[in-house]
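**Q** Below is one structure. I have some questions about it.
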Protein chains: 2
Amino acid sequence: MSKMPTVKDVAEYAGVSVGTVSRVLSGEVAVKPLLREKVNGAISALGYRPNVTARALRTSRTDVIGLIVPDITNPFFAQLAASVERAALECGHSLMLASSHDDRGAERSHVSAFLDRSVRGIIVVASSDSSGLHLEAPVPIISLDRRFGTFPLVSTHHARAAGLIADHLYGLGHRRIAYIAGPPDTEAGRMRKGGFVNRINGFGKIGEPVELEIVDGKFDYESGERIARDLLLRPPQDRPTAIAAASDQQAIGALRAARDLKIDVPRKLSVTGFDDISLANLVVPRLTTIRQPADKLARRAVALLLEESSSTRDEMVDGSLIIRSSTGPCVRAKVNIAG
Amino acid sequence: MSKMPTVKDVAEYAGVSVGTVSRVLSGEVAVKPLLREKVNGAISALGYRPNVTARALRTSRTDVIGLIVPDITNPFFAQLAASVERAALECGHSLMLASSHDDRGAERSHVSAFLDRSVRGIIVVASSDSSGLHLEAPVPIISLDRRFGTFPLVSTHHARAAGLIADHLYGLGHRRIAYIAGPPDTEAGRMRKGGFVNRINGFGKIGEPVELEIVDGKFDYESGERIARDLLLRPPQDRPTAIAAASDQQAIGALRAARDLKIDVPRKLSVTGFDDISLANLVVPRLTTIRQPADKLARRAVALLLEESSSTRDEMVDGSLIIRSSTGPCVRAKVNIAG
DNA sequence: CTGAAAGCGCTTACAG
DNA sequence: CTGAAAGCGCTTACAG
């Protein structure tokens, strides 16, 4: 394979200057049709492809977007990453991916590495212990799903969405509810819990009171399974009739605990999640949850990043309640009577 | 924020030439300790960071590895991507990620995009319909898990691993077995099926014969669920006593089908998967499967890519059998007597 | 509208 | 061992 052709080769072939070649390439400046045609002819004759690196050096701008996620193995983040990649591609950009393993140090060093490569901008789904520190960066940085530093955040309106779950459970008659929260040091964890709790407490004022128990956990399967097991190991009359979890993974862990303890879902216990990962629709029973619009979130994050006026405003998009078969009417009263 | 310092600034500050700065940066050439010290002093005083783009333009070499996967949302590929990212990082490289959505066209265009960015090399987990086409590339390309074109492949020894499953099931007494295969147009699908079938047929020669039924499918949940349902909808005496699936996702789909039909696993039916995705250990019952050593696979792929002498040999690493509770002794005979 | 030329920030023969 | 200089492949004022 011979050397790749350069603008110079194209210019010679077309009988014009390299400046002209560059100008038809950019398409931004007017070039006489005749020359333009010659240049385009030369480009395809030679199979010319612009050297992205040289262009980047000259303009100190690339079309690469850096994405940092805590753990690509987490199904929701994987979905988010897939959506970001698609959104970036739609705008002619490529994606560099890094995993922080939920470690703040790794996160920071990935940011520097991206900056060294002069990416176009960085989207970060923050690690859970991400500080509020603001760092100066020569390119835009956007927080996605979880806030990074003080950078603008694109996320689901967690509180409002959690309220949807509260409504659903209350509407089904549940009055003894446990909430498995996310880590309190994550904004998402706090928002979801806050939204749920406020809504439930609101019912107490205008309707029947609800006994609400809250346990903080991590967002993963194990945490959900462990906490649910503790909750369900109690005598039936002390058990919650519904468990709302802050993530699908927790909820699926809870489902597993219920099954191990032979507690029928949804007959004896309702369980809800949050995220609508693809697995939510595959577990038994299928999980009632909140769908986070990953595509929309990703598209907004990319759009904000590419926007000229680096906006500094957060952006919230609404999640939607997906009712499946892990929730049902509360039958606790009957059980008590029978027992 | 002022402009980033360059080698020139460092050289001036240290009172040396830019060549010398570059030489201490590279560390490859001997530089007098005194000068080296001065330069290093200047570097930290100025907070100098080399411009990766300029370096790439000059050397036409970067430290970016391109990875193409069919679908990052697939848990096994996510695991693979995480491992590749880690392995790349260990070697001081960054990762660019692209999804082919199992589309050959997209795959090819991602390869070109990576080439345009003059990545150091490309690792591709091929789409299922990847052709045998060999393309000339100025950088090494390695196939991971599924072969891309004619490029060397790093993968689990699928056939041998599938044999492990066959041994396990046969040892448990199963003599009527169904195999849910992967797409026959994937090498992994064919190897796994081949390894399983050969092993089972071998038993027929030296021991009791096995009734083996094979159904081709895709690697996903839905495919497994659908095929298993068809298999299990038959009257009990015509049903297989064990279903071996070519992927965990298929197996989890099969588990779901069994549960819907109230067929007890593993009492009435054994189910096995392949991959050991994290979910395999969380479903009910926990899935017996083959662990693919994602870390090792990734590390080998990266090592091969970075190797000087572009090796052209395939590399197989052994998978291991993980026995959990979705498999058990065959009790078919008893069932028949009872019925 | 177009060409000639400078320069982005490095690395690396080439002399010495 | 070190410096001066060329050049990687582009883009973009600057003239005309």
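**Q** Which residues' amide hydrogens lie under 5 Å from the amide hydrogen of residue B:117, considering only partners 5 or more residues apart or on another chain, with H built in the peptide plane?
**A** Sorted by chain and number, the residues that satisfy this come to none at all.
**Q** Considering the options A:33, B:274, A:231, tell which one lies farthest towards the positive end of the dipole of the protein assembly as shown, charges being +1 on Lys and Arg and -1 on Asp and Glu at the Cβ, about the Cα centre.
**A** A:231
**Q** Residues with amide H under 5 Å of residue B:317's amide H, sequence separation 5 or more or different chain, H placed in the peptide plane at 1.01 Å from N; which?
**A** Result for residue B:317 returns B:155, B:156, B:157.
**Q** Accessible area, 1.4 Å probe, largest first: how do B:117, B:160 sort?
**A** B:160, B:117
**Q** When only Cα pairs under 8 Å and 6 or more residues apart are kept, what is the percent relative contact order across chain B? Could the numbers behind the result be given before it?
**A** Details: 665 pairs, mean separation 50.3, N = 339.
Worked out over chain B, it gives 15 percent.
**Q** For the range B:1-122, what does the accessible surface come to per residue with a 1.4 Å probe? Please give it in Å².
**A** Details: 5960 Å² over 122 residues.
So the range B:1-122 comes to 49 Å² accessible per residue, rounded to a whole number.
**Q** Which positions within the range B:220-235 get 10 Å² or more of their accessible surface covered by the other protein chains, compared to the chain by itself, with a 1.4 angstrom probe?
**A** Correct list: B:221, B:222, B:225.
**Q** State which entries of A:218/B:218; B:8/B:32; A:193/A:268; A:8/B:3; A:296/B:193; A:296/B:3 exceed 28 angstrom in Cα-Cα distance in the structure shown.
**A** Long pairs (Cα-Cα over 28 Å): A:218/B:218; A:8/B:3; A:296/B:193; A:296/B:3.
**Q** Please report, in debye to the nearest 20, how large the charge dipole of the protein assembly as shown is about its Cα centre when each Lys and Arg carries +1 at its beta carbon and each Asp and Glu carries -1 there.
**A** Working: 88 positive and 76 negative charges, 128 e Å.
Charge dipole of the protein assembly as shown: 620 debye, to the nearest 20.
**Q** Taking R0 as 22 Å, what's the FRET efficiency between residue B:261 and residue B:216 from their Cβ-Cβ distance, rounded to 0.05?
**A** On the way: r = 22 Å, r/R0 = 0.99.
For R0 = 22 Å, the calculated efficiency reads 0.50.
**Q** Can you list residues whose amide H is under 5 Å from residue B:290's amide H, if they're 5+ apart or on another chain and H is modeled 1.01 Å from N?
**A** B:273, B:274, B:275, B:276, B:322
**Q** Just to be sure I understand the model, the point goes 7 Å from the Cα along the line to the Cβ. What's the resulting residue A:134 to residue A:26 distance in nm?
**A** Each label point is offset 7 Å from its Cα along the Cβ direction, giving 3.3 nm.
**Q** Along the Cα→Cβ direction, 7 angstrom out, place labels at residue B:176 and residue B:104. What is the inter-label distance in nm?
**A** For the pair residue B:176/residue B:104, the computed spacing is 4.1 nm.
**Q** OK, next. To the nearest 10 Å², what's residue A:32's accessible area with a 1.4 Å probe?
**A** Accessible area of residue A:32: about 150 Å².
**Q** Once a ≥ b ≥ c are taken as the square roots of the eigenvalues of the Cα gyration tensor of the protein assembly as shown, is the result rounded (a/c under 1.5), prolate (a/b larger than b/c) or oblate (a/b not larger than b/c)?
**A** oblate
**Q** For the range B:1-85, which GluC sites (Glu not before Pro) are in a loop by DSSP, counting at most 14 other Cβ atoms within 10 Å?
**A** B:28
**Q** A further question follows. Using a 1.4 angstrom probe with every protein chain in place, what is the largest-first accessible-area order of B:230, B:116?
**A** B:230, B:116
**Q** Computed over the Cα atoms of the range A:1-129, what is the ratio Rg over Rh, Rh following Kirkwood? Each step should come with its number before you reach the end.
**A** Numbers: Rg = 19.6 Å, Rh = 17.1 Å.
A ratio of 1.15.
**Q** Which whole-number percent is the relative contact order of the range B:7-50 (Cα, under 8 Å, 6+ apart)?
**A** Worked out over the range B:7-50, it gives 43 percent.
**Q** In the range A:249-314, carbon and sulfur make up what percent of the accessible area (probe 1.4 Å)?
**A** The C+S portion of the solvent-accessible surface of the range A:249-314 is 44 percent.
**Q** Check each residue of the range B:7-56 and keep those whose accessible area, probe 1.4 Å, is at least 40 Å² smaller with all protein chains in place than in the chain alone; give them in order of residue number.
**A** B:49, B:52, B:53
**Q** Regarding the range A:7-50, what whole-number volume in Å³ per residue does the convex hull of its Cα atoms give?
**A** 56 Å³
**Q** Determine the total buried accessible area between chain A and chain B, counting protein heavy atoms only with a 1.4 Å probe; round to the nearest 100 Å².
**A** That pair hides around 4000 Å² of surface in total.
**Q** So, one more: Expressed as a fraction of 2.2 N^0.38 Å, the rule-of-thumb size for a compact globular protein of N residues, what is the C-alpha radius of gyration of chain B?
**A** On the way: Rg = 26.2 Å, N = 339, 2.2 N^0.38 = 20.1 Å.
Dividing the Cα Rg of chain B by 2.2 N^0.38 Å gives 1.30.
**Q** Only four residue types carry charge here, +1 at the Cβ of Lys and Arg and -1 at the Cβ of Asp and Glu. Report the dipole size of chain B about the Cα centre in Debye, rounded to the nearest 20. Don't jump to the answer; show the numbers that get you there.
**A** Numbers: 44 positive and 38 negative charges, 124 e Å.
Using Cβ point charges on Lys, Arg, Asp and Glu, chain B gives about 600 debye.
**Q** As a test of the formula, what do you get for chain A when each DSSP H run with n ≥ 4 contributes -39,500 (n - 2.57) and the sum is divided by the residue count, at 222 nm and rounded to the nearest 500 deg cm²/dmol?
**A** Dividing the helical sum by the residues of chain A leaves -13500 deg cm²/dmol.
**Q** Ignoring ligands, DNA and RNA, what percent of the 1.4 Å accessible area of the range A:7-50 is carbon and sulfur? Present the calculation step by step, with values, prior to reporting the outcome.
**A** Values: 1490 of 2780 Å².
C and S fraction of accessible area: 53 percent.
**Q** For the range A:89-138, which GluC sites (Glu not before Pro) are in a loop by DSSP, counting at most 11 other Cβ atoms within 10 Å?
**A** The qualifying sites are A:136.
**Q** OK, next. Quick one: length gained pulling residue B:54 to residue B:307 fully straight, 0.36 nm per residue minus the C-alpha distance?
**A** Numbers: separation 253, 0.36 × 253 = 91.08 nm, distance 2.39 nm.
Gain on extension, residue B:54 to residue B:307, equals 88.7 nm.
The values are calculated or read from the model by the stated rules, or taken from the named source; none is laboratory data. Everything numeric in this text was worked out from a predicted model, so none of it was measured. Because the Cβ atoms are built from the backbone with ideal geometry, glycine has one as well, and the counts that use them run over all protein chains shown. Side chains are part of the model used for accessible areas, which takes the heavy atoms of the whole protein and leaves out ligands, DNA and RNA. Shrake-Rupley method; radii C 1.70, N 1.55, O 1.52, S 1.80 Å.
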